[in-house]
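To start, the structure under review is shown below, and the notes come after it.
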Amino acid sequence: MKYTKKIVIVGSGVAGISAALKLVDNNYPGELITIIDKGNDPYIRKPSEVMTGFAGAGGFSDGKLTYHTAIGGQLSKYCGEEKAYDLMDQSIEMWKRFHPDPSKIMYSDPQAEPDFIKPYFGLRLFPVYHIGTDYLHEIGKRWYQYLVDKGVKFAWNTEVTKIDFKEQSVEFKIDLKMPFPNKSYGYEFYDELIFAVGKSGIDFAQSLSDDYKLPTEPKSVQIGVRFESPQKYFQKLIDISYDFKLYQKYENVSLRSFCTNNNAAYVAVEETYGDVTYNGHAKKGEEFRNDMTNFGILMEIKGIEDPFKWSRDVVQECNVTNAQTEEKLGGLYYSPNQSRQPSNTSEGDKVKAHEIQENVLPLIRTSFGGYFEYIEDFIDQMNKVFEFGDDWGMYIPEVKYLSPEPLVNYTNLALNEYPNVHFVGDALSARGITVSGAHGIYVAEYLLTNVTND
Ligand SMILES: Cc1cc2nc3c(=O)[nH]c(=O)nc-3n(C[C@H](O)[C@H](O)[C@H](O)COP(=O)(O)OP(=O)(O)OC[C@H]3O[C@@H](n4cnc5c(N)ncnc54)[C@H](O)[C@@H]3O)c2cc1C
């Protein structure tokens, strides 16, 4: 086949680089692929740049690669169960391929829910591969070098600010930083566009959705807290499932533990729309061991009219700003009887969070519209199983902004009105590494068979 069409990928996150790899592995000329990212290449990307740069949020995450179609967002909806597993296999294989020592990847595949959980929670069972943040950096460098060697062009520190779907062009600004503190602007034309901006591009995705009045699929609210406690209390469950998913279901609310980190587990600040929310990651190196466990306790609330605005309002109410200096002090941290304080990040700084006491909890319950009690109840019930007493804390809030999911053609994830614009990863409906990568590969497979001049 002769390929001549120019592919522009906006976002060098998990989905974007998986698409590029699949393309060049199948003889798509790298010179015809341009990847534009507002962050840095993997050699100079700093640990504080959690969300941007080569491999995106996945590149500085905990690197837990889940392997189940019920986890990590929508995949089988587009391509069916069987194809979804094929794509997830390919996605995981890419991370193994660039790993300096694949034998170091941990794998867990729990088979049965233990009896001590049953009276209180359901436990979702699924396989997971665990890479760890430090190995992700090494994988990122190797993956990047491979793509560069294949001729793929990268534009770093370059933020796409406009896309004209009709003219087939993207407009960008380049942050030249010091010693050139001015911004430079430019255009790039495309034949096919892969839109892979992840969560850090959520506001941009929203503006495109508004400008082009893109039809969307309905979404629910996903909000909660990041829970943290010494690992010893959870060890009996961790031994069965590293990234355990406890869940409870009520009429219009379901709760689940989300993204568990252990051994060398750190709480991470995520900044979206200028507000602080929380997440977590784990390191592999023994020097980082802190014997802590952290995970999100997330509620999915159905029936809220404008879930996106509702979640943003809650997040804003849980953020504290210094009234005089207007400095953002972060989200909130609560530990019963102040028995714990916010932990250190993996870089040794305190996690940015404003400590609160019992008397502030009623305000938080109000901010969460009466749903916060579900989380408190979840923690009470965990306490019955794991007996951690007061030895825990929570960072408020953790949120999954489910960006409005554009309606796409399920065969190629392209907008119905603009069939050469493909949405992938978290910018579409993914919520994890394996599925984001699988989206990218799915689109690449489509392009390999359909975008040719022959
Ligand atoms: C702290 C943390 C821990 C996580 N841990 C896990 C985990 O263990 N397992 C798991 O499965 N998932 C985890 N996740 C989620 C996972 O990282 C994401 O689901 C995944 O990275 C999404 O891939 P993506 O390609 O869609 O977006 P991303 O990987 O976020 O990449 C998007 C890229 O687009 C770029 N970008 C954004 N806007 C623009 C623009 N306008 N112009 C140019 N470039 C732009 C960004 O710089 C970024 O590089 C974690 C996330 C975080 C933040």
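The values are calculated or read from the model by the stated rules, or taken from the named source; none is laboratory data. This is a predicted model, so every value here is computed, not measured. Positions of Cβ are generated from backbone atoms using ideal geometry, with glycine treated the same way; all protein chains shown enter the neighbour counts. Heavy atoms of the whole protein, side chains included, go into the accessibility calculation; ligands, DNA and RNA do not. Shrake-Rupley method; radii C 1.70, N 1.55, O 1.52, S 1.80 Å.
Odds and ends about this structure:
- Solvent-accessible area of His281 with every protein chain in place, 1.4 Å probe, in Å² to the nearest 10: 20 Å²
- Note on Asn344 and Lys213: their simple-model spin labels are 5.6 nm apart, each label 7 Å out from Cα toward Cβ.
- Taken along its three principal axes, the alpha carbon spread of the range 219-296 comes to 41, 33, 16 Å, from the longest extent down to the shortest.
- Counted over all Cα-Cα pairs of the range 105-202, pairs farther apart than 20 Å make up 66 percent.
- Under the convention that each Lys and Arg Cβ holds +1 and each Asp and Glu Cβ holds -1, the size of the dipole of the range 237-302 around its Cα centre is about 220 debye.
- Loop-resident sites, the range 145-225, for trypsin sites (Lys or Arg not before Pro), counting at most 10 other Cβ within 10 Å (DSSP): Lys166, Lys177, Lys213
- For the range 95-156, the relative contact order comes to 40 percent (Cα pairs under 8 Å, sequence separation of at least 6).
- Extending 7 Å from Cα along the Cβ direction at Lys83 and again at Glu31 yields two label points whose distance is 3.3 nm.
- The C-alpha atoms of the chain define a longest principal axis, and helix 133-149 lies at about 0 degrees to it.
- Cα point-scatterer Debye curve for the range 157-224, base-10 log of I(q)/I(0) at q = 0.16, 0.19 Å⁻¹: -0.69, -0.88
- Between the range 384-411 and the range 241-272, the alpha-carbon centres lie 6 Å apart.
- Which listed pairs, of Lys5/Lys219; Lys46/Lys236; Lys245/Lys328; Lys5/Lys162; Lys83/Lys302; Lys199/Lys283, have C-alpha distances above 27 Å, in listed order: Lys5/Lys219; Lys46/Lys236; Lys245/Lys328; Lys83/Lys302
- Each Lys and Arg adds +1 at its Cβ and each Asp and Glu adds -1 at its Cβ; summed about the Cα centre, the range 313-454 shows a dipole of about 140 debye.
- Computed from the Kirkwood radius of its Cα pairs, the Stokes-Einstein diffusion coefficient for the chain at 25 °C and 0.890 mPa s stands at 109 µm²/s.
- Kirkwood-type radius of the range 1-90, with distances r between different C-alpha atoms, in Å: 14.8 Å
- Taking 0.890 mPa s as the viscosity and 25 °C as the temperature, the Stokes-Einstein diffusion coefficient of the range 233-344 based on its alpha-carbon Kirkwood radius rounds to 150 µm²/s.
- Backbone phi angles across the range 213-226, fed through the Karplus curve with coefficients 6.51, -1.76 and 1.60 (θ = phi - 60°), yield HN-Hα couplings of 6, 6, x, 10, 8, x, 10, 10, 7, 10, 8, x, 9, 9 Hz in residue order; Gly and Pro are listed as x.
- Element breakdown for the range 357-454 at a 1.4 angstrom probe: carbon and sulfur atoms account for 48% of the accessible area.
- Lysines whose Cα lies under 18 Å from that of Lys2, excluding same-chain neighbours fewer than 8 positions away: Lys22, Lys150
- Partners for Lys166 among aspartates and glutamates (Cα-Cα distance below 14 Å; same-chain residues under 8 apart left out): Glu188, Asp191, Glu192, Asp211, Glu417
- Counting Cα-Cα pairs of the range 168-272 in 10 Å increments starting at 0 gives whole-percent bin shares of 9, 25, 25, 21, 17, 4.
- Surface accessible to a 1.4 Å probe, Lys302 within the full protein complex, Å²: 110 Å²
- Probe 1.4 Å, protein heavy atoms only - accessible area per residue of the chain in square angstrom: 41 Å²
- Heavy-atom accessible surface of the range 69-212: percent carbon and sulfur, 1.4 Å: 50 percent
- Value of [θ]222 nm, deg cm²/dmol, for the chain, DSSP H segments ≥ 4, -39500 (n - 2.57) each, nearest 500: -8000 deg cm²/dmol
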